[in-house]
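The values are calculated or read from the model by the stated rules, or taken from the named source; none is laboratory data. Nothing here was measured: the structure is a model prediction, and the numbers come from that model. Quick reminder, even Gly has a Cβ in these numbers, built from the backbone with ideal geometry, and neighbours come from all protein chains shown. Quick note on the areas: whole protein, heavy atoms, side chains included, nothing else; ligands and nucleic acids left out. Shrake-Rupley method; radii C 1.70, N 1.55, O 1.52, S 1.80 Å.
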Amino acid sequence: MRKVVLIIYSALFTLSCTDNFSSVVDFTQVENPNLSEASVVGQPNSSIIWLAGLERELAFCYNEILILAELGSDNYMNTQTFFSQFLDQLELQNTDPDLRDFTREIQRLREMALFGLESVGPADPEYTTTTEAEFQYFLGLAHMYAAMYFPALPQEPIGPAIPAAQHYEHALSAFASAITLNPLPEYYLATARVNYYTGNKTAAVSAARQALALNAKLDRFVRFDEAAPGGVPPGTNPSNVMESALFERATFDDFQPLPTLDFLDPKYSFLTAEEDAPVHYLKAEEALLILAEANLSDNKIDAARVNLTELLALVATRETRNIDDSTEGRIQVAPGSRPNKASVVVNGRRGLVLDRQAGNVDVPSVSGTSLTAADIAGLKADDAGLELLYRTRQEVFIAEGLRFVDMGLKLIIDENEVLQNENINKGDLGTVPLIPAFISSVVKSLDAITYDPTKGVATTVINVNQILVANKSTPEVLPFH
């Protein structure tokens, strides 16, 4: 009680000594001399330092992207709800703190890129066109992610919600500027992705080819810290949260993949004591899959086969990690609930499940697929061929956040933005869920399976790839069809 009285007395004393209490708490007037704008802007090599900060911010951004997007897709089931409480069943709630954090990270990425372009870079005597190109690239990424994952988001603080199509246009403009300054293959591939998702087949194919011509093994990745570097407070460094969900939490592993994807899990595992596993977010495989889909849509079956053959050859060159994953029992608290033997047949196919108790397992850390040369030889420009292609996309891009977009899914604007932004109101585009009817009707079965441990047979309750192909004429999915 005495402590409470002292607090109240102190507050009253403060009020009695000021005729305007706002002057006491006007934090906008407080400046940290070690973190002032002048300590960055105008300093030699400040643009390089700012670029490193953008790379760090992208890591934070991907920590939000992957948890929500992978849970919302059919790739994983969250068995213990340690991370998101809602997305596994596509319960889009604007009060979800994970959703709030995701929108904030996208906006921070955009504002940091703009600050680099408008303030840091021009004032740096060591500023180069290659660094300027990177600032444009990160600006494009911010707009691209806004469009990929939301129907609409503001493009400026307290601004109106801009439709995804407009964010895609801004992304293309930024990537074009980056290419003019320094034509890197990842700038072309990012351009190809935007044109792919907007259905601009000619432009997507052109950019994909240019990316491959510059680097047929392109792999741009975002890096994470396993432990905070010297001088960085623990907890403020970006570790790979998806790696924690898939591997580090061991017997408390929250994410369980579909049995059809078991051989690809965990994509991220322990790397070193200093560095966490990276996320490979733009890679040449995407360009080849864009080309293959374009050729299938044009009934150019031989060209599509060539694309997929090149894909198989590329995947064979990517890193496969030999890891001890024996703490991952797959059965969780319900013995026999999930397949965990290599002999298990999944949807009539063998070799998709790893036996993690029999010793170390080999797991692809960049790209993996069950696609075979025989599959490619039998490929046809029909629905079965499209289904095979989308199964391959799902495998190659697992744990990279693309499956969510391929399923035509979008998130919603968080409650704080709606309440504090006078330009956004309830009911506006982006504030209400827009889940395709063909997904909402099966949402409870997205990652549901049946499993008979005695017979060693597992079956997914539905085939989402089949559903996507069946709805190829809708605007939400299969943009080339």
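Observations on the structure shown:
- Net charge of the neighbourhood of LEU117, taken over other residues with C-beta under 13 Å away and scored Lys/Arg +1, Asp/Glu -1, is -4.
- Degrees separating the helix 2-16 axis from the principal Cα axis of the chain, which is the longest one: 60 degrees
- Of the trypsin sites (Lys or Arg not before Pro) in the range 255-316, the ones in a loop by DSSP (not H, G, I, E or B) with at most 16 other beta carbons within 10 Å are LYS300.
- Subset of LYS267/LYS455; LYS380/LYS444; LYS267/LYS341 violating a 25 Å alpha-carbon distance limit: LYS267/LYS455; LYS380/LYS444
- In straight-distance terms, cross-link reach from LYS410 covers every one of the aspartates and glutamates whose alpha-carbon lies under 12 Å from its own, apart from those fewer than eight places away in the same chain; here that gives GLU91, GLU476.
- Helix 284-297 and the longest principal axis of the C-alpha atoms of the chain enclose an angle of approximately 60°.
- Between the range 278-293 and the range 79-131, the alpha-carbon center distance in angstrom: 22 Å
- Largest to smallest principal axis extent of the C-alpha atoms in the range 76-192, angstrom: 50, 29, 27
- The charge dipole of the chain, taken about the Cα centre with unit charges on the Cβ atoms of Lys, Arg (+1) and Asp, Glu (-1), comes to about 1240 debye, rounded to the nearest 20.
- Note on THR450 and GLN357: with the Förster distance fixed at 25 Å, the Cβ-Cβ geometry gives a FRET efficiency of about 0.65.
- Straight-line reach from LYS201: taking Cα to Cα under 12 Å and skipping same-chain neighbours fewer than 8 places apart, the aspartates and glutamates in range are GLU293, ASP298.
- At a probe radius of 1.4 angstrom, the accessible area of the range 143-186 per residue rounds to 34 square angstrom.
- Length-normalised contact order for the range 227-312 - Cα pairs under 8 Å, 6+ apart - percent: 21 percent
- Per-residue ellipticity at 222 nm computed for the chain from its helices equals -13000 deg cm²/dmol, with DSSP H segments shorter than 4 residues left out and the rest contributing -39,500 (n - 2.57).
- Remark: the range 372-481 carries 43 Å² of accessible area per residue (probe radius 1.4 Å; ligands, DNA and RNA excluded).
- Within straight-line cross-link reach of LYS300, aspartates and glutamates at Cα separation under 14 Å, skipping those fewer than 8 residues along the same chain: ASP382
- P(r) histogram, all alpha-carbon pairs of the chain included - 10 Å bins from 0, percent: 4, 18, 28, 26, 14, 6, 3, 1, 0
- Residues of the range 367-400 with an amide N closer than 11 Å to a point placed 7 Å from the Cα of THR474 along the Cα-to-Cβ direction: none.
- GLU156 sits among other residues whose Cβ lies under 10 Å from its own Cβ, and their net charge, with Lys and Arg +1 and Asp and Glu -1, is 0.
- The range 306-330 and the range 202-241: distance between their alpha carbon centers, rounded to Å: 18 Å
- Percent RCO, i.e. relative contact order, over the chain, from Cα pairs under 8 Å lying at least 6 residues apart: 18 percent
- Cβ-derived FRET efficiency at R0 60 Å, GLU274 paired with ALA374, nearest 0.05: 0.90
- Tilt relative to the chain, helix 46-72 - C-alpha long axis, 0 to 90 degrees, to 10: 50 degrees
- At R0 = 30 Å, FRET efficiency that the Cβ-Cβ distance of GLN80 and LEU419 yields, to 0.05: 0.45
- Look at where the Cα atoms of the range 335-396 and of the range 416-453 average out, and the two centres are 28 Å apart.
- Surface composition of the range 330-426: carbon plus sulfur atoms contribute 49% of the solvent-accessible area (1.4 Å probe, protein chains only, all chains present).
- Local net charge near LEU212, Cβ-Cβ under 13 Å (Lys/Arg +1, Asp/Glu -1): -2
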